[in-house]
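Take a look at the structure set out below.
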Amino acid sequence: MPRTIAPTHRPRSPLGRGETTPAPNTDDERRRLADLFHDLTAGPGRGCLLVTCRPGVTGLPGALRHELHGLTPPDSLWLLHRILERDGLSLDDPRLTKEQLDPLLRDLADHPLSLEPVGPHLRRLAPEAIRADFAKLLDQFQQTADEARNRSLLASLEFSRRHLSPTARAALPWLGLFNGGVFEHILLSVLGPLRDLYSSWDSIRAELQAIALLRVEDDIQIGNRPFLRFHPTLAIASADGRLEEQPETRKRFIGVYLALMQALDQALSGAQSRAALKILDREEANYRTAVRWAVADHQHRAAAVLGDTFARYLQRSGRLRQRDAWVQWLRDAVIWPIR
């Protein structure tokens, strides 16, 4: 029977990109992946291995590359129909004939992640007007994105960003501090001192929801606030390195996750341990950022206590190799005893 390596639950390449902090897959696991690939492909043909990988160069000798493309035209038209239907529109609208929409879908590379933020704008813009603006943006990203599919994604996000209100645009860099999503309670805690954004948040959220840049997941809440799931490329497109480097921003971010850690510590030791694990599962990337910033800013005590709780989370989740790698990295980084 061919052996397998269970994929990480995070949407990141198992091969990694040379990260300086522990990745979802450790160096040992990536070596095992390479060994397994060689065993299966160079051996007597006992099976095959599918590796999903964003980088074009995998480092796996003999690997066959199969690039995933956008939807078929009928499928992308069906998805657009569902998006329009959600917003109270229909393909029966004389402005939205197949002949008018097909060129727009081609410009979007039939990519669902491009259709979601652009489609709602058909409520007030004709397809031809969107195409004209979109063509300029595609040219703009010609030099910065390697693949047409990436250009389409970046252009669709920029198109949507330009059509947001000034207040919503001002909020985007703050969303860029978080990876994949964030519990709304945590986001508002970070935004707290920014009175304009804090007081306008409900309208900002509605605006971003309307064009699929975020969606609400309320199956588990913190402070009666849901989890906000971002469009997969929103944080990357919105990130502002200058904001991330501001000491006050980092201090507030770390402080918010220290407060979360205290609540999670109590939950992990009591009857709410399952809920605590679910919360950390969604906040994992952001929590790692808090620890990384604490280490970089020489807040060693904060890094140690944050990291200790995260190590318990990895252990309770059965991710023992990752726990060991995490604890070793943290000990080396802060020279602090971890229980």
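Values as computed for the structure displayed
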item: Residue among Ala275, Ala267, Ala259, Ala285 that is closer than 21 Å to Gln221 by Cα and in contact with a Lys or Arg (Cβ under 8 Å, 6 or more places away or on another chain); result: Ala285
item: Some residue of region 169-176 being hydrophobic (A, V, I, L, M, F, W, C) and surrounded by fewer than 18 Cβ atoms within 10 Å (Cβ to Cβ); result: yes
item: Subset of region 305-322 (residues that are within 13 Å of Ser269 (Cβ to Cβ) and aromatic (Phe, Trp, Tyr)); result: Tyr313
item: Residue that is surrounded by the fewest Cβ atoms within 10 Å (Cβ to Cβ), among those in region 180-196 that are farther than 17 Å from Ser238 by Cα and of a type in the set (A, V, I, L, M); result: Leu194
item: Matching entry among Arg321, Arg288, Arg331, Arg301 (being farther than 27 Å from Glu244 by Cα and in a helix (DSSP H, G or I)); result: Arg321
item: Conditions (1) open to solvent by 50 Å² or more (accessible area, probe 1.4 Å); (2) modelled with pLDDT of 90 or more; (3) farther than 15 Å from Pro173 by Cβ; (4) not aliphatic (A, V, I, L, M): number failed by Ser269; result: (2)
item: Flag for Ala23 being of a type in the set (A, V, I, L, M), open to solvent by 70 Å² or more (accessible area, probe 1.4 Å), at pLDDT below 70 and under 26 Å from the mean Cα position of the chain (by Cα); result: no
item: Any hit, region 217-236, residues being free of Cβ contacts under 8 Å to residues at least 40 places away in the same chain, surrounded by fewer than 17 Cβ atoms within 10 Å (Cβ to Cβ) and in contact with a Ser or Thr (Cβ under 8 Å, 6 or more places away or on another chain); result: no
item: Of all residues making up region 113-148, the number that are assigned to a loop (DSSP other than H, G, I, E, B), modelled with pLDDT of 85 or more, touching a helix residue (DSSP H, G or I) at 6+ places or on another chain (Cβ under 9 Å) and farther than 16 Å from Asp102 by Cα; result: 0
item: Criterion (surrounded by fewer than 20 Cβ atoms within 10 Å (Cβ to Cβ) and among the aliphatic types (A, V, I, L, M)) met by exactly one of Leu68, Leu153, Leu122; result: Leu68
item: Some residue of region 98-106 being buried (at least 18 other Cβ atoms within 10 Å of the Cβ), touching a Lys or Arg at 6+ places or on another chain (Cβ under 6 Å) and at positive phi; result: no
item: Test: residue in region 132-140 that is in contact with a Leu (Cβ under 6 Å, 6 or more places away or on another chain) and crowded, with 17+ Cβ neighbours inside 10 Å; result: no
item: Per-region count, region 92-108, residues closer than 19 Å to Ile211 by Cβ and either touching a Leu at 6+ places or on another chain (Cβ under 7 Å) or in contact (Cβ under 8 Å) with a residue 12 or more places away in the chain (or both); result: 7
item: Qualifying residue in region 204-216 (condition: closer than 24 Å to Arg250 by Cβ, hydrophobic (A, V, I, L, M, F, W, C) and open to solvent by 40 Å² or more (accessible area, probe 1.4 Å)); result: no
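The values are calculated or read from the model by the stated rules, or taken from the named source; none is laboratory data. Everything numeric here is computed off the predicted structure, so don't read it as measured data. With ideal geometry, Cβ positions are generated from the backbone for all residues, glycine too; neighbour counts draw on all protein chains shown. The accessibility values were calculated without ligands, DNA or RNA, using every heavy atom of the protein model including side chains. Shrake-Rupley method; radii C 1.70, N 1.55, O 1.52, S 1.80 Å.
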